[in-house]
Every structure is written in C-alpha cells, then in structure tokens.
Amino acid sequence: MLAVILAAGKGTRMRPLTYNRPKVMLPVVGKPILEHIIDSCVNAGVTHVLVVTGYHEDTVRSYFNNRALGAEIEFVRQERQLGTADAINQARDYVHERFLVLNGDSLISPSALKNLIKRARVQSTVIAATKVADPSNYGILEVSDKAVSRIIEKPTRPHSDLANIGIYIFNQTIFGAIDKTTRSTRDEYEITDAIQVLIEQKEEVGYLHVDEPWIDVGRPWDLLRANEFLLPSVDGVNEGLVEPLATIDGAVKVGHGSIIRNGAYVMGPAIIGAQCDIGPNCYIRAGTCLGNRVKIGNAVEVKNAIIMDDCKIGHLSYVGDSVIGERCNFGAGTLVANLRFDERPIKVGNTPTGRRKLGVIMGDDVHTGINSMINVGSSIGPGSILDIGAIADGVYPPSSKIKLRRER
C-alpha cells in the first residue's frame, strides 16, 4: 500500500520554531517528526511513501534522499498551500489502488496503522478516530451502523466525542469528490468536505476507533509531550566518551564523538546527540534531548528540554521545560523560569498550553547576555538578542532587541 504523508504546510502555529524549517522536521527524541511517521508506516508493512512537500521542501528532500528507512520514498510538490484536499490531490498520478493518508504532524503507532489497513479490506474509505474530552476543538464524526453519517468541524454543540485524527484510507473515488469540493471559510479545500461529498453520494465511509496513544503536534509545547511519551522506549547506548568521574543514571543515549566530562550527572531517559561537549560539573535531568554539537557548560542544569543542534548553554545557567532552536547561545547565568508562583497552567501569549510547567519556546540563532532571565511561557523569535541582565517576558517577533529596563 502507498502511504501519502502531507508535509507541505507552513506550520504557523509552531512559530517561532518553523520560520526556518517545516514543522515535520522538528525533532522528537532525536529525529524529525516525519521520520517517526515513516518508521510507523514501514513497521505497518508499507513499502512506498509519497511525501507532499511545499514550505522549505529542500530541508525535507535533502534529509531523506539518502536514508535507507525500509521504503521507497518519493516527493511531490504542492505549489500553493490550498488545504488538505488539494494536498492529497497532488498524489492523483501516483495512486492506482487504495492508499493511506497521514498528516505530517500526527504520531501514531504501527499497530494502529495495521488495524486501519485491515479495516480497508471491508470498507473502501476509512477514517481513524479517537474519543476526546473537548469535541469543540476537533472535527467530530457522527456515526451510525459502523459508518460515518456526517463530519462537523469544531461544533459548538457536539453530538459525539469521536474526533477525526487526520489519518485515512482512500481509493480513487476520493479524487472525484475533491473535484466537487469548494473552498471553505478558510479559503482552502478541506479533505473533510470531500469526504462529506462521498457520504452524500451514498458511498460508505467507515471509521476505526484508535485506542492507542496518538499525539498531534500542533503547538511547540506538544514537542515536549511527544518527547515525554516516546523517551522511555529509547535504549541507553554509549557511542561517545564518559569520563571516569561522570555519572550516567538510567537509559541515556550518547551519540558518536560526544564527551561527558567529570562531575557531570546525566539522568535518563535522555538523549545526547553526536559531538556534544557536556560539563564538567553539570546536571542533565530526565526528559532532556540534546541535538548534535551542543555545548553544556560548568554548573548548568537542563531539565525536560529539547535543545537543537549547535547550541551553547553557558556556565551557571538553568533551562527547564523548554524548546530551544538551532545555534542559540546562552550567556553565563541565563535563567529560564518554568513555573508560575501560583502554579496555574501557563499561557503563551493568549494561548493556553495546559501545562503547569513551561519555560521558553525559542527560535534559531537567539543570543542571551550574561545574567539575563526569561519568564514562564515566553516565545522568542529567531535572531533575537537579550541584553546583559535583560528580562524577556512575553512573545517577541524575529530579530527583537530585548534590552535591560533601567530605573529612571
């Protein structure tokens, strides 16, 4: 079976992390989201993957072109991001039978995909669905006699708690339905509208209730949730050098060419990428994933954070419950707060995160001065600079200059 993975979108809700890369290339437990999805497809028996690219497509193509992942991987470009139905329509010339469709930001297990493929032997169109606590935030399925009777996007008065999770089995009839689909209120061609066309044509649309965990990476802090879920399955492997007075406690994966210096304490589950320089005398706590060529200085503490390639965290700094983009440089004594005094759930701007602990979401190439501080739930755009002793508190666009507030 062919798997079509939708990976063309700009990922605006994931900013500031997606100014320089597509959302599907953001890391979870040391590799891009898209690679996890391809792995699940391969482990479910899929041998041919078609990736629909668009925004920063060169990043996707260059990463996967020479990787042996157990499937033939091809790419097709969506010239303009005109919605999910338009993205699926790009696969029209590649499809000759039933095919699997996945959103490029949904992590799902191979066993769930296997069950979906089995269901397709009985029903030609199948939607993967799961029960949710707040149906008003999802596309909700109304069902009758094991078939879908209607799909309603974010209903104000939902009659069901069964949510569409954006994973489907289709056959070629979907393309005729897409041809009959008009633009939505978002000025896009929605695949749910095309499925509704199938339903109105009296074609049977089935569904599969997915009981297994499924993670939709829709916001930057969802990367932390995905990490927390997947990290316990990572095996501890040491391909670097751990000096004799350093401590590895639990399952820690240490990449090739990395060094863990004396006095460092690394608690698993955690991932240290390749060619990293850790310590001396630092504390890497559980839940942390470091990219490649990351430098962690003396007396630094990092907890439950994703720190991407080529970052430097200067001595006497603290980073907790945060996502840090590539090539960021923390001056000595940079402190990231991750818990409100009243311990209430944290917002980023006006967006609730549902998290009690969240530090900073930081884009690429941000530099912080010595003794700078970053408050809970801050978002800092790429290329920004924090002055010496400055306090970042809020949402900052790219290339911001965050200066020390001086008393008059």
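Odds and ends about this structure:
- Segment 97-146: number of residues that are buried (at least 20 other Cβ atoms within 10 Å of the Cβ), small (Gly, Ala, Ser) and at pLDDT 80 or above: 6
- Looking only at segment 102-145, and only at residues there that are part of a helix (DSSP H, G or I), in contact (Cβ under 8 Å) with a residue 12 or more places away in the chain and of a type outside the set (A, V, I, L, M, F, W, C), the one that is nearest to Val60 (Cα to Cα): Pro110
Yes/no per residue for (1) outside the structural domain of Cys276 (by TED's automatic domain parsing); (2) aromatic (Phe, Trp, Tyr); (3) without any contact (Cβ under 8 Å) to a residue 12 or more places away in the chain; (4) more than 26 Å from Arg121 (Cα to Cα):
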residue: Lys154; (1), (2), (3), (4): yes, no, no, yes
residue: Gln172; (1), (2), (3), (4): yes, no, no, no
residue: Ile191; (1), (2), (3), (4): yes, no, no, no
residue: Phe229; (1), (2), (3), (4): yes, yes, no, yes
residue: Leu245; (1), (2), (3), (4): no, no, no, yes
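- In segment 314-327, residue nearest to Asp277 (Cα to Cα) [restricted to those that are without any contact (Cβ under 8 Å) to a residue 24 or more places away in the chain and in contact with a Gly (Cβ under 6 Å, 6 or more places away or on another chain)]: His315
- Count - residues of segment 235-269 that are surrounded by fewer than 18 Cβ atoms within 10 Å (Cβ to Cβ) and outside any strand (DSSP E or B): 12
- Residue in segment 157-180 that is farther than 30 Å from Lys357 by Cβ, within 28 Å of the chain's Cα centre (by Cα), among the hydroxyl-bearing types (Ser, Thr, Tyr) and part of a helix (DSSP H, G or I) present: no
- Among the conditions (1) in contact with a Lys or Arg (Cβ under 8 Å, 6 or more places away or on another chain); (2) crowded, with 17+ Cβ neighbours inside 10 Å; (3) within 30 Å of Tyr138 (Cα to Cα), Gly273 misses just one, which is (3).
Rundown of residues vs (1) at pLDDT below 95; (2) small (Gly, Ala, Ser), yes/no style:
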site: Ser317; (1), (2): no, yes
site: Val323; (1), (2): no, no
site: Arg327; (1), (2): no, no
site: Leu339; (1), (2): yes, no
site: Glu343; (1), (2): yes, no
site: Asn350; (1), (2): yes, no
site: Met362; (1), (2): no, no
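A quick yes/no check of all residues on (1) more than 28 Å from Pro269 (Cα to Cα); (2) in a loop (DSSP other than H, G, I, E, B); (3) of a type in the set (A, V, I, L, M); (4) assigned by TED's automatic domain parsing to the domain that holds Ile260:
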| site | (1), (2), (3), (4) |
| --- | --- |
| Val302 | no, no, yes, yes |
| His315 | no, yes, no, yes |
| Val319 | no, no, yes, yes |
| Glu326 | no, yes, no, yes |
| Thr353 | no, no, no, yes |
| Asp365 | no, yes, no, yes |
| Ile388 | yes, yes, yes, yes |
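- Sole residue being among the β-branched types (Val, Ile, Thr) and farther than 23 Å from Ile33 by Cβ, chosen from Val101, Val122: Val122
The values are calculated or read from the model by the stated rules, or taken from the named source; none is laboratory data. Remember, predicted model here, so these are calculated numbers, not experimental data. A quick note on method: Cβ atoms are made from the backbone with ideal geometry, for glycine too, and the neighbour counts reach across all protein chains shown.
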